[in-house]
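Reading through the structure tokens given below for one structure.
A short reminder: the numbers here are calculations on the coordinates, not readings from a lab. Since the model is a prediction, treat every value here as computed from it, not as a measurement. FYI the Cβ positions are ideal-geometry reconstructions off the backbone, even for glycines, and counts take in every protein chain you see.
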Amino acid sequence: MFENLTNRLSKTFKNIIGIGRLTEDNIKETLHEVRIALLEADVAVSVVRHFTKCVKEKAIGQEVNKRMTPGQEFIKIVRNELIATMGEKNNNLNLSTVPPAVILLVGLQGTGKTTSTVKLAKFLTEKYKKKVLTVSTDIYRPAAIKQLEILSRQINIDCYASNCDQTPINIVQNALKEAKIKFFDILLVDTAGRLHINECMMEEIKQIYNTINPIETLFVVDAMMGQDIANVATIFDKALSFTGIILTKVDSDTRGGVALSIRHITGKPIKFIGVGEKPESLEPFYPDRIASRILGMGDVISLIENIESKIDSEQVKRFTKKMNKGDVFDFNDFLQQLEQIRKMGNISDLVKKIPGLGKISYDVQSEIDDKILIHMEAIINSMTIKERKKPEIIKGSRKRRIAHGSGMKVQDVNRLLKQFTDMQNIIKKMKKSGIGKISRYIKGIIPQNFYKR
């Protein structure tokens with residue numbers, strides 16, 4: 001989401017990183033570029049003014065840490081101010097109430113409330129081991145009720161069966177009653193999208209709010225929204241006094257201004273960000289980690305958490321045991337590794353979280369995407385059992401058959417075979433050198449030039 005902003009800031013900071021001391025002139029010049037970068041990212045004007053004012057005040061006369069250059073000290077100030085602008089710390093949901101804890105999701109049309117409800121249900125079930133019930137009050141769009149039922153069923157979450165013949169008030173009253181009778185820990189209430197200028201719909205959401213008295217009211221915001229979000233958020237907050245924000249579509253090509261603006265404008269914390277379409281694509285919002293990503297410093301903690309939550313540890317143990325025994329690495333093992341990588345999400349997003357590789361991701365992200373892994377898996381799935389175990393037997397006629405079966409070209413099969421050979425060599429070197437000396441071989445793992453069509 002922050003690619004353009006990150007690129008612009010990186011170029012700006014190159015000019016200040018090597019200077020001998022911070023002066024009012026070079027700070028003013030750099031802040032001018034920072035101001036332009038923030039405005040281009042669609043950050044609210046009031047937020048830009050406050051941000052640059054705070055950075056300037058802290059930078060002028062700043063006592064520089066002896067371990068850092070003045071330029072590095074300036075970047076540190078910018079990072080700290082970014083964190084302060086976005087909320088300083090992660091804010092957890094408040095679930096300290098007699099069950100069921102009611103969480104209400106509100107927002108404009110098309111912001112992703114229904115999918116966010118399902119994602120949040122999955123997060124609370126897996127992270128906190130809660131028993132969750134979902135319910136939709138969107139009687140104006142029958143497909144929304146059905147969508148929530150289907151998505152909830154897919155992740156094994158209970159969904160209260162509402163219908164368009166009921167009123168939203170009756171729906172939430174009955175859902176709350178069922179949640180109490182069946183001892184659910186949490187009731188997630190999905191609501192109809194509504195324009196903030198529609199007085200009738202805003203009055204309805206107030207009635208829903210007063211009926212269920214939610215402990216958390218989450219305002220769902222599309223990260224692609226412009227500066228009008230200030231007016232929208234203010235009206236919703238006045239009507240409901242929401243407790244937090246879910247920022248959706250963070251994985252899109254949006255400029256990122258909403259993430260940097262809404263906390264300052266509303267005074268309410270961003271609690272979650274939606275980073276994809278899948279039910280597991282919801283992450284707690286950590287301002288310090290996002291600030292590091294914006295400045296191209298990576299986000300190792302989020303990367304580690306991502307790996308820990310999505311990688312099959314038992315499969316990793318089996319693979320490690322097999323390699324330690326000296327067994328040959330074959331295409332079955334390679335396929336398992338590809339499946340593990342796909343579980344972790346978009347490759348280019350993972351690369352951005354690695355410190356120092358943010359720049360690489362911009363250069364090759366058009367070539368590194370999930371389609372590459374899908375194509376590789378298709379080729380392997382077109383091989384026979386014998387070919388997977390003994391890739392050396394794959395010659396001319398076999399290559400043509402595999403290419404035809406996978407819908408790819410013979411050249412693509414050749415590239416995968418080379419990729420596989422490189423992987424085998426890397427594993428051999430890992431056994432000899434150990435993991436500490438493997439970084440120079442890791443380039444061969446990244447299939448950045450696998451398909452150039």
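Here the 3J(HN,Hα) profile of the range 407-417, calculated from phi with Karplus coefficients 6.51, -1.76 and 1.60 at θ = phi - 60°, is x, 10, 9, 4, 4, 5, 5, 4, 5, 5, 4 Hz, Gly and Pro shown as x. Annotation: the residues VAL98, VAL132, VAL43, sorted from fewest to most other C-beta atoms within 10 Å of their own C-beta, follow the order VAL98, VAL43, VAL132. Using the Cβ atoms and a cut-off under 11 Å, what net charge is assigned to the surroundings of GLU277, where Lys and Arg are +1 and Asp and Glu are -1? Spelling it out: positives minus negatives among the neighbours equals +1. Annotation: the antiparallel percentage among DSSP beta bridges lying fully within the range 101-296 is about 10. Distant-in-sequence amide contacts of LEU282, defined by a placed amide H-H separation under 5 Å and a gap of 5 or more residues or a different chain, comprise VAL275. The separation of the range 386-400 from the range 152-214, counted between C-alpha centres, amounts to 57 Å. In this model, which of LYS146/LYS177; LYS113/LYS249; LYS130/LYS180; LYS119/LYS146; LYS53/LYS76 are farther than 18 Å apart at the alpha-carbon? From LYS146/LYS177; LYS113/LYS249; LYS130/LYS180; LYS119/LYS146; LYS53/LYS76, over 18 Å: LYS146/LYS177.
What FRET efficiency comes out for the pair LYS206/ASN156, r = Cβ-Cβ distance, R0 = 45 Å, nearest 0.05? Step by step, r from the Cβ atoms, then E = 0.85.
Each of CYS164, CYS159 has some number of other Cβ atoms within 10 Å of its Cβ, and from fewest to most they run CYS164, CYS159.
Under the simplified labelling scheme, the LYS131-LYS238 pair shows an inter-label distance of 4.2 nm, with each label point 7 Å from Cα along Cα→Cβ.
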